[in-house]
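**Q** Sharing a structure below in structure tokens format, with a few things to ask.
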Amino acid sequence: MTINKTRVVVIGAGAAGILCAKKLSENGFSVTVLEAKAFVGGRAHTIQPEGFSYPIETGAEFIHGDLPITKSLVKEAGLSLIKVEGQSWHRHNGQLSTSQYFIKEWDLLMEKLQALKHDISIGEFLEKEFSDSRFDALRRSVIAFVEGYDAASVSRASAFALREEWLNEDFDAQYRIEGGYSKLMNYLKMECEKNSVSFSFSEEVKEIQWDKNQVLVRTKSDKVYESEKVIITIPIGVLQAKDTIVFKPEIKDRFEAIQKLGYGSVVKFLIEFKEKFWESNDPFNDGVGLKKLGFFFSDASIPTWWTQYPVNSALFTGWLAGPKAEEYKFKSQEEGLAEAVKALAYIFGYTEEVIRSKIKAWKIVNWTEDIYSKGAYTYATVEAPQARKQLIKPVNDIIYFAGEGLFEGPEGGTVEAAFGSGLKVVNELKA
Ligand SMILES: Cc1cc2nc3c(=O)[nH]c(=O)nc-3n(C[C@H](O)[C@H](O)[C@H](O)COP(=O)(O)OP(=O)(O)OC[C@H]3O[C@@H](n4cnc5c(N)ncnc54)[C@H](O)[C@@H]3O)c2cc1C
């Protein structure tokens, strides 16, 4: 290990912060991590509440493709990956089918997107190219996908970024980490501790006072941490809220840039049933047993659901994202369950009472109400590339920003993006 006396405070112990801390400590920096919650992992957090038979992912769950940093860390940690398999089913207008999401006009959509010379929002693009009523189904599908997958608002999401995403998406390769993402995060924490990284949990940072020689980071409990550098990895949604952290002196241009990024909402509905009832050839279920059910897409109020297939588990996870998840604010857990039961009754063709009678355990996680996340993940707006460029420039080689929202590659909004952004800052500090 090289000796480097530089002291660095890392704010936030999510994927970006914890990997920064690990790598910097390996490079001999003296690292302190300040985390508002009581645990590492941030938006990648696995729990096992009472009643559940196995751990559940409250936030990140999948590795969306053969992503190099995540996969190499999983290997280093000695963890196993489970390839996501199974069939996709749909229920639209009451009809159960295995048909594809983007029906016949997909090629035309991509052709028009590729011909686009200047970036506009995907909403504006649809209006311009596909406003005719014969494209109603296509418009509905695009909007459902942008809101549901990217947790984005169509009026702000960049058509260029979506074009890039849809051209490069490897729809086949998806994985889960056996035992959950927290296993990986806890491994990274353990490695940090081996290198004497100091962790302070339940420490919410409120103020950063800085000049060219020194940074003073003040927390809600009025403790002050002194360092030469500070890396801020807290979520974009938290930074977009007014006065989360007061900077003295202010860094106005960075905060103007933060407002230009898109940040979406997600509500996750985790329901464990007494058995995998969807596998039975029940007459209510149109006589179709969904034995290999993976994903279920629908026009229900909670539209997307998935099983843990091929793992033998009766967990069924619902997903509500984008503007509809934002509207969901302040609903109680019970109200959430009622909505989920209604959606599942429609999807499976049972009564709500029957669905309720099959439930073993349940939990609803609304990320917009999490005060240290204030939403789920970023999405690219038309202004995002410029804003990100501004944000990844260190302020006087003292203040650095990292996290999923600052990653410039195609995997935006993911754990891989958070890791990648953390590594970029580590390389800058090494130079
Ligand atoms: C519901 C959901 C599902 C997702 N699904 C996937 C998926 O399947 N695959 C995937 O790759 N990604 C997924 N993501 C995205 C992924 O979780 C994030 O991109 C990634 O975990 C972000 O890491 P980060 O380090 O940038 O931020 P975070 O993990 O949010 O870490 C930031 C940390 O800062 C802390 N903090 C906040 N404010 C303060 C403060 N004032 N002082 C001190 N600490 C503070 C927070 O508590 C947090 O621990 C999902 C996210 C959500 C919410």
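The values are calculated or read from the model by the stated rules, or taken from the named source; none is laboratory data. The structure presented is a predicted model; accordingly, all values stated were derived computationally and were not measured. Cβ placement follows ideal geometry from the backbone for every residue including glycine, while neighbour counts extend to all protein chains displayed. Heads up: the accessible areas ignore ligands, DNA and RNA and are worked out on the full protein's heavy atoms, side chains in. Shrake-Rupley method; radii C 1.70, N 1.55, O 1.52, S 1.80 Å.
**Q** May I ask you to evaluate 6.51 cos²θ - 1.76 cosθ + 1.60, the Karplus curve with θ = phi - 60°, for each residue of the stretch 253-266 and list the ³J(HN,Hα) values in order in whole Hz, giving x for glycine and proline?
**A** 4, 5, 6, 5, 5, 4, 5, 7, 7, x, 9, x, 10, 9
**Q** What is the stretch 146-264 by shape, rounded, prolate or oblate, if you read a ≥ b ≥ c off the alpha carbon gyration tensor as root eigenvalues and call it rounded for a/c under 1.5, prolate for a/b larger than b/c, and oblate otherwise?
**A** oblate
**Q** For the residue pair residue 202 and residue 331, what label-to-label distance in nm results when each label sits 7 Å from Cα along the Cα-to-beta-carbon direction?
**A** Going by the 7 Å Cα→Cβ label model, 3.2 nm.
**Q** Moving on to the next point. How do 92, 118 rank by accessible surface area computed with a 1.4 Å probe, from largest to smallest?
**A** 118, 92
**Q** Based on alpha-carbon centroids, what's the gap between the stretch 57-133 and the stretch 214-228 in Å, whole number please?
**A** After rounding, the separation between the Cα centres reads 42 Å.
**Q** If you don't mind, another one. For residue 424, give me every one of the lysines with a C-alpha distance below 20 angstrom, ignoring sequence neighbours fewer than eight places off in its own chain.
**A** List returned: 22, 23, 71, 189, 229, 389, 393.
**Q** Another question, if that's okay. Roughly how many Å² is the accessible area per residue of the chain, as a whole number, for a 1.4 Å probe?
**A** 45 Å²
**Q** If the viscosity is 1.002 mPa s and the temperature 20 °C, what translational diffusion coefficient in µm²/s does Stokes-Einstein give for the stretch 125-172 when Rh comes from Kirkwood over Cα pairs?
**A** Stokes-Einstein gives a translational diffusion coefficient of 187 µm²/s.
**Q** Under 8 Å for C-alpha pairs, at least 6 residues apart: give me the relative contact order for the chain, rounded to a whole percent.
**A** 24 percent
**Q** Sticking with this one: What's log10 of I(q)/I(0) for the stretch 364-403 at q = 0.23, 0.26, 0.33, 0.35 Å⁻¹, Debye sum over Cα points only, no solvent?
**A** -0.86, -0.90, -1.01, -1.06
**Q** Same structure, new question: Relative contact order (percent) for the stretch 59-195, with alpha-carbon contacts under 8 angstrom and 6 or more residues of separation?
**A** 46 percent
**Q** A further question on this structure: I'd like to compare 232-239, 14-21, 385-392: which one has the highest average count of other Cβ atoms within 10 Å, and what's the full order after that?
**A** Result, highest mean Cβ count within 10 Å first: 14-21, 232-239, 385-392.
**Q** Just need log10 I(q)/I(0) for the chain at q = 0.08, 0.10, 0.11, 0.14 Å⁻¹, Debye formula, equal scatterers on the alpha-carbon atoms, no solvent, rounded to two decimals.
**A** Values, matching the q order: -0.47, -0.73, -0.87, -1.33.
**Q** Could you list log10 I(q)/I(0) for the stretch 262-413 at q = 0.08, 0.10, 0.12, 0.17 Å⁻¹, which the Debye formula gives when each Cα is one point scatterer?
**A** Treating every Cα as an identical point scatterer, log10 I(q)/I(0) equals -0.32, -0.47, -0.62, -0.98.
**Q** To continue, here is another question. Under 18 Å between alpha carbons: how many lysine pairs meet that in the stretch 243-297, if sequence neighbours fewer than 8 apart on the same chain are excluded?
**A** 5
**Q** FRET efficiency for residue 226 and residue 353, Cβ-Cβ distance as r, R0 = 60 Å, nearest 0.05?
**A** The value I calculate is 0.50.
**Q** Moving on to the next point. Rule-of-thumb check for the stretch 341-431: C-alpha Rg over 2.2 N^0.38 Å?
**A** 1.67
**Q** A further question on this structure: Just order 153-166, 357-370 by mean Cβ neighbour count inside 10 Å, highest at the front, would you?
**A** Put in order of decreasing packing, that is 153-166, 357-370.
**Q** Give the relative contact order (percent, whole number) for the stretch 318-413; include only Cα pairs under 8 Å separated by 6+ residues.
**A** 19 percent
**Q** Then there is this: Would you list 64, 90, 45 from the most to the least accessible area, probe 1.4 Å?
**A** Per-residue accessible area, sorted high to low, gives 64, 45, 90.
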